[in-house]
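What follows is calculated from the coordinates using simple rules that are stated; it is not laboratory data. In this text the structure is predicted, and so the values were computed from the model without any measurement. When we count neighbours, we look across all protein chains shown, and the Cβ atoms used for this are built from the backbone with ideal geometry, even at glycine.
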Amino acid sequence: MNTIKNLYLLALLPIIIFSSCSDNGGTAKIQVALVDAPADYDAVNIDIQDVQINVSSEADDEDGWQSLESAEPGVYDLLLLTNGEEQFLGEIELPEGKLGQVRLILGDGSVLTVDGQETPLTVPSGSQSGLKINVDADIQAGITYKLVLDFDAAKSVVKAGNSGKYNLKPVIRAQMEATTGAIHGTISPAETATVVYAIVGEDSVSSYPDEEGEFLIRALDAGTYTISAVPAEESGFTTVDVEDIVVTIGETAEGGTIAFTN
């Protein structure tokens with residue numbers, strides 16, 4: 001039976017996403033996306049040079065700002081980011097705790113198009129060096145979050161009197177959305193398991209226990225999972241399955257202690 005189980009798990013390997021508990025167990029993944037509400041212009045192109053998150057516990061710690069990984073800076077037309085459309089800006093791994101602020105670094109290439117005519121968007125002094133947006137959200141290890149930056153173009157573009165010029169005074173709302181859940185548990189004896197799988201249907205996600213036997217299987221869609229703990233071949237133990245582990249978005253389900261027996 002153990003051989004059949006192992007063959008089944010091997011068959012799933014092409015669709016397994018590995019998630020090491022020892023490497024990532026204490027962190028959450030934050031993905032940042034840009035959206036907008038409709039505005040009465042032809043185009044509102046915003047030059048975003050960098051997106052940073054303050055990884056320090058102190059909001060005024062200038063050394064705590066860290067750029068997103070896989071960042072995608074560029075000039076984006078906000079008016080294309082409506083009705084469910086969004087622009088991925090990058091992601092970052094952060095320790096469990098609180099996310100206080102995000103900062104947009106704006107360039108000089110922002111342009112407004114009105115009635116077919118392009119005009120530069122003047123960014124007020126200070127915004128080029130960093131536009132800070134308060135988030136103030138708790139983040140939990142093992143969970144993937146989407147930080148949505150809602151850039152209100154209608155309120156952010158301000159006409160400068162009768163000069164024909166326009167200023168960009170960004171009005172941005174930040175909203176944190178949990179997009180996945182996780183499963184936490186412990187293997188006993190701690191040194192016995194080689195890998196732990198969370199199985200739903202024909203899909204599988206895996207993790208490795210740490211030295212204390214703890215594991216965290218992260219980035220899971222909502223659903224009901226079976227946990228399958230596979231022991232080292234030389235241990236003499238057999239694979240143990242724990243069924244009906246319910247994963248909820250934004251929560252870490254407890255798989256309890258999984259004990260191997262001969």
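Dimensions of the chain along principal axes (Cα, Å, largest first)?
Principal-axis extents of the chain (Cα, largest first): 84, 37, 23 Å.
Straight distance only, please: which aspartates and glutamates reach the Cα of Lys169 with their own Cα at less than 19 Å, same-chain residues fewer than 8 apart left out?
Within reach: Asp36, Asp40, Asp42, Asp47, Asp50, Asp77, Asp108, Glu118, Asp150, Asp152.
By how many degrees, 0 to 90 and rounded to 10, does the Cα axis of helix 2-11 deviate from the longest principal axis of the chain?
20
Please give the charge dipole size of the chain, origin at the Cα centre, charges +1 on K and R Cβ atoms and -1 on D and E Cβ atoms. Round to the nearest 20 debye.
640
Tell me the label-point distance for the pair Thr82, Glu212, using the 7 Å Cα-to-Cβ offset, in nm and rounded to one decimal.
5.2
Under 1.5 on a/c is rounded, so check that first for region 60-193, then, if it is not, pick prolate when a/b is larger than b/c and oblate when it is not; a ≥ b ≥ c are the square roots of the alpha carbon gyration tensor eigenvalues.
Judged from the Cα gyration tensor, region 60-193 comes out prolate (a/c at least 1.5, a/b above b/c).
Tell me, what is the FRET efficiency for Lys169 and Glu93 to the nearest 0.05, using R0 = 25 angstrom and their Cβ-Cβ distance as r? Walk me through the numbers on the way to the answer.
Numbers: r = 33 Å, r/R0 = 1.30.
It comes to 0.15.
If I take R0 = 22 Å and measure r between the Cβ atoms of Val114 and Gln49 in this structure, what FRET efficiency does the formula 1/(1 + (r/R0)^6) give, to the nearest 0.05?
After rounding, the FRET efficiency stands at 0.35.
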